[in-house]
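The structure appears below as structure tokens.
The values are calculated or read from the model by the stated rules, or taken from the named source; none is laboratory data. Since we're looking at a predicted model, the values are computed, not measured. Using ideal geometry, Cβ is built from the backbone for each residue, glycine included, and neighbour counts are taken over all protein chains shown.
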Amino acid sequence: MQEDAKLGPEAHYQAQLNQGRFLIQRCSDCARHVFYPRVICPHCGGAALQWVEAGGAGMVYSTTTVRRKAEAGGDYDVSLIDLDEGVRMMSRVEGIAPTEVKIGMRVRARVIDQKGAGLVVFFAEDGK
Amino acid sequence: MSLKDLRGRIAIVGVGTAGCGEAHGMSDLEILGQAAKAALDDAGLALKDVDGLCTANLNAAMWPLNVVEYLGIRPKFVEGTNVGGAAFVAHQLPAMLALDAGVCDVVLVCYGSTQRTSSFGRKERSAARNLLDPEPFQAPYQPFNPPSSYALIAARHMHQFATTRRHLAEVAVAARKWAQLNPEAFSREPLDIETVLKARMISDPFTAYDCCLVTDGAAAYVMTRADRARDLQKQPVHILANATAVWHRSVSSMQDLTVTPSKESGERAFAAAGLGPKDIDMLQTYDAFSINTLLALEDLGFCKKGEGGSFVEDGAIAPGGRFPVNTNGGGLSCVHPNMYGAFITIEAVRQLRGECGERQVEGAKTAVVNGNGGNSASSQSTSVLATADVL
């Protein structure tokens with residue numbers, strides 16, 4: 001954590017994810033949440049961005065199934081998720097077939113390890 | 001001085017294309033050079049007359065240097081801003097300002113890419129760009145871009161407005177029907193809606209037919225002041241207005257997936273031109289994907305938000321329909337060498353001159369050109385072009 005404090009927001013975000021923590025920023029000046037992590041608030045231009053733990057709950061804003069040959073790993077989901085804090089991020093919904101991911105679906109975040117790095121993915125809230 | 005003061009003061013006086021489709025054995029610069037020569041010949045001008053240059057390219061960050069050296073010119077005005085494929089429409093405003101101020105007299109806008117046939121093609125460039133210009137908050141999820149970003153936009157549009165895959169297919173089929181009337185177009189075999197709907201998915205809801213072509217191609221056009229344009233050999237096409245809006249880079253940062261920067265660029269361009277959608281005889285819009293055409297029709301005000309799908313039903317934007325859109329066949333069926341903005345400008349000029357043969361829109365006096373750039377309708381640039389009698 002001492003080392004992390006010296007990192008820029010992008011690297012700090014990833015370092016926290018690597019430890020299983022999903023943090024986003026909140027602007028102390030305009031009280032809005034910010035994603036992706038920055039040094040300046042894109043809403044008000046202020047620099048008073050604080051780290052807060054993401055609640056993890058959100059909703060699928062849009063979704064596509066990327067078609068890929070089975071031998072390369074098969075089809076997969078790419079979704080845009082609106083977190084309840086009011087920020088949007090690209091991610092994927094796991095645990096169900098990619099074509100079963102629907103706009104409006106309630107989802108919950110989980111930090112997984114992908115190729116040695118922490119990554120936020122989502123699962124359908126009803127536990128499927 | 002405002003945008004309105006520039007209305008009609010600058011004209012496009014020469015256009016040219018080269019290497020469209022496949023340009024085997026040629027480089028980006030070589031077909032760019034051929035297109036530049038064709039555009040200058042068309043204008044009755046020579047390279048020695050060129051004292052302004054607008055150009056951009058996806059591979060080279062300092063591309064104007066390459067072009068200046070290759071063409072052997074020493075321009076007094078250089079514009080190399082790269083906002084994606086909209087660049088060659090967005091270059092117009094700075095060029096108009098420079099010409100109007102007398103900084104230069106003849107501006108060459110030019111582009112060339114041999115992405116289809118070169119050894120360093122789309123795949124290699126994507127890999128290189130991921131290193132040079134990463135998108136760290138999207139890359140781990142492997143969106144197949146640009147199709148996946150526009151697919152997310154299309155999916156949201158379908159969700160909000162009951163737009164259907166059939167509506168998207170109408171766009172692809174209309175483009176193909178125009179292409180069949182254009183000897184320069186790359187894809188001219190017949191295409192029907194059922195074929196589009198049954199084709200293999202790339203990134204839902206898009207099949208290959210919803211995605212633009214991957215071709216080679218070069219395009220160039222020449223701009224000068226209206227007073228000088230009158231003395232040249234071709235009928236000048238006047239730029240009534242140009243406006244550009246840039247809103248974001250990545251689709252995950254796009255505020256409302258159903259509203260593009262054309263909403264803003266279109267409003268500014270129409271206001272400066274003193275015209276509205278009802279005054280426009282045709283739309284040449286950058287159809288990187290079928291959804292782009294629907295979004296442009298809505299955001300430019302040719303129909304209401306959400307009604308793009310019903311607007312294009314029953315061949316309404318195809319040859320013989322009520323409103324001509326993308327009369328060259330578009331990026332979907334004519335040509336798409338990475339960045340396509342110059343080609344839509346050229347098609348509008350050819351139409352307003354009455355040079356389009358079988359696909360000619362009879363009596364056309366006004367056209368809107370709408371460029372699109374980036375992986376998610378990130379930048380858009382709108383121009384209103386017109387013949388001299390509209391001034």
- request: Please state which of the following conditions B:G14 fails to meet, knowing it meets all the rest: (1) touching an Asp or Glu at 6+ places or on another chain (Cβ under 7 Å); (2) among the small types (G, A, S); (3) farther than 28 Å from B:A386 by Cβ.
  value: (3)
message: Go through (1) closer than 19 Å to B:I202 by Cα; (2) in contact with a Gly (Cβ under 6 Å, 6 or more places away or on another chain) for B:L152 and report which single condition fails.
response: (2)
- line: Note on the stretch A:74-128: residues within 11 Å of A:G58 (Cβ to Cβ) and modelled with pLDDT under 95 are A:E125
Every residue from the stretch B:246-268 that is among the β-branched types (V, I, T), within 14 Å of chain A (Cβ to nearest Cβ) and in a loop (DSSP other than H, G, I, E, B): B:T258, B:V259
- prompt: Only one residue in B:E313, B:E355 is without any contact (Cβ under 8 Å) to a residue 40 or more places away in the chain, acidic (D, E) and surrounded by fewer than 24 Cβ atoms within 10 Å (Cβ to Cβ). Which one?
  reply: B:E355
Yes/no for B:M201 being surrounded by 22 or more Cβ atoms within 10 Å (Cβ to Cβ) and either at pLDDT 95 or above or more than 14 Å from chain A (Cβ to nearest Cβ) (or both): no
statement: Those residues of the stretch B:69-104 which are on the phi > 0 side of the Ramachandran plot and crowded, with 20+ Cβ neighbours inside 10 Å amount to B:G84
- prompt: Do we find a residue being out of contact with any Phe, Trp or Tyr (no Cβ under 8 Å at 6 or more places or on another chain), more than 30 Å from B:Q160 (Cβ to Cβ) and surrounded by 15 or more Cβ atoms within 10 Å (Cβ to Cβ) anywhere in the stretch A:30-50?
  reply: yes
query: Which ones in the stretch A:33-53 are closer than 19 Å to B:S250 by Cβ and either within 12 Å of the chain's Cα centre (by Cα) or more than 9 Å from chain B (Cβ to nearest Cβ) (or both)?
result: A:H33, A:V34, A:F35, A:Y36, A:P37, A:R38, A:V39, A:I40, A:C41, A:H43
- request: Consider B:E184 carefully, then state whether it is surrounded by fewer than 24 Cβ atoms within 10 Å (Cβ to Cβ), of a type in the set (D, E), touching a residue at least 12 places away in the same chain (Cβ under 8 Å) and more than 10 Å from every other protein chain (Cβ to nearest Cβ).
  value: yes
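Matching residues to (1) of a type in the set (V, I, T); (2) modelled with pLDDT of 95 or more; (3) over 16 Å from the mean Cα position of the chain (by Cα); (4) assigned to a loop (DSSP other than H, G, I, E, B):
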{"residue": "B:N66", "(1), (2), (3), (4)": "no, yes, yes, no"}
{"residue": "B:P75", "(1), (2), (3), (4)": "no, yes, yes, yes"}
{"residue": "B:V78", "(1), (2), (3), (4)": "yes, yes, yes, no"}
{"residue": "B:F88", "(1), (2), (3), (4)": "no, yes, no, no"}
{"residue": "B:A98", "(1), (2), (3), (4)": "no, yes, yes, no"}
{"residue": "B:C104", "(1), (2), (3), (4)": "no, yes, yes, yes"}
{"residue": "B:V107", "(1), (2), (3), (4)": "yes, yes, yes, no"}
{"residue": "B:C110", "(1), (2), (3), (4)": "no, yes, no, no"}
{"residue": "B:F120", "(1), (2), (3), (4)": "no, no, yes, yes"}
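Check B:R350, B:R322 and return the single one that is part of a helix (DSSP H, G or I) and among the basic types (K, R).
Working: B:R322 fails: part of a helix (DSSP H, G or I).
Among B:R350, B:R322, only B:R350 is part of a helix (DSSP H, G or I) and among the basic types (K, R).
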task: Go through (1) out of contact with any Pro (no Cβ under 8 Å at 6 or more places or on another chain); (2) surrounded by 20 or more Cβ atoms within 10 Å (Cβ to Cβ) one by one and return the number of the condition B:Q142 breaks.
output: (2)
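Taking only the stretch B:231-245 into account, find how many residues are touching a residue at least 40 places away in the same chain (Cβ under 8 Å) and either part of a loop (DSSP other than H, G, I, E, B) or surrounded by fewer than 19 Cβ atoms within 10 Å (Cβ to Cβ) (or both). I'd like the intermediate steps shown before the answer.
Taking the stretch B:231-245 and keeping what is touching a residue at least 40 places away in the same chain (Cβ under 8 Å), we get B:232-245.
Restricting the remaining residues to those that are either part of a loop (DSSP other than H, G, I, E, B) or surrounded by fewer than 19 Cβ atoms within 10 Å (Cβ to Cβ) (or both) gives B:232-236.
Residues flagged as touching a residue at least 40 places away in the same chain (Cβ under 8 Å) and either part of a loop (DSSP other than H, G, I, E, B) or surrounded by fewer than 19 Cβ atoms within 10 Å (Cβ to Cβ) (or both) within the stretch B:231-245 amount to 5.
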task: Being within 10 Å of another protein chain (Cβ to nearest Cβ) and part of a loop (DSSP other than H, G, I, E, B) is the filter here, so list the residues in the stretch A:102-123 that pass it.
output: A:K102, A:I103, A:G104, A:K115
- line: When restricted to A:Y36, A:Y61, the only residue hydroxyl-bearing (S, T, Y) and out of contact with any Leu (no Cβ under 7 Å at 6 or more places or on another chain) is A:Y36
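For every residue, the table says whether it meets (1) within 26 Å of B:N292 (Cα to Cα); (2) assigned to a helix (DSSP H, G or I).
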site	(1), (2)
B:K4	no, yes
B:T17	yes, no
B:G25	no, no
B:K37	no, yes
B:A60	no, no
B:Y70	no, yes
B:T81	yes, no
field: Boolean, B:D210 is surrounded by 23 or more Cβ atoms within 10 Å (Cβ to Cβ), more than 27 Å from B:V109 (Cα to Cα) and either in the same structural domain as B:L53 (by TED's automatic domain parsing) or of a type in the set (D, E) (or both)
entry: yes
statement: Of the residues in the stretch A:57-85, those that are more than 12 Å from every other protein chain (Cβ to nearest Cβ) and over 12 Å from the mean Cα position of the chain (by Cα) come to A:A70, A:E71, A:G74
- prompt: Are any residues in the stretch B:125-175 more than 9 Å from every other protein chain (Cβ to nearest Cβ), among the charged types (D, E, K, R) and over 30 Å from A:H12 (Cα atoms), and if so, which ones?
  reply: B:R165, B:R166, B:E170
query: Only one of these conditions is not met by B:S187: (1) in a helix (DSSP H, G or I); (2) over 18 Å from B:G321 (Cα atoms). Which number is it?
result: (1)
statement: The residue from A:R32, A:R92 that alone is basic (K, R) and not assigned by TED's automatic domain parsing to the domain that holds A:V107 is A:R32
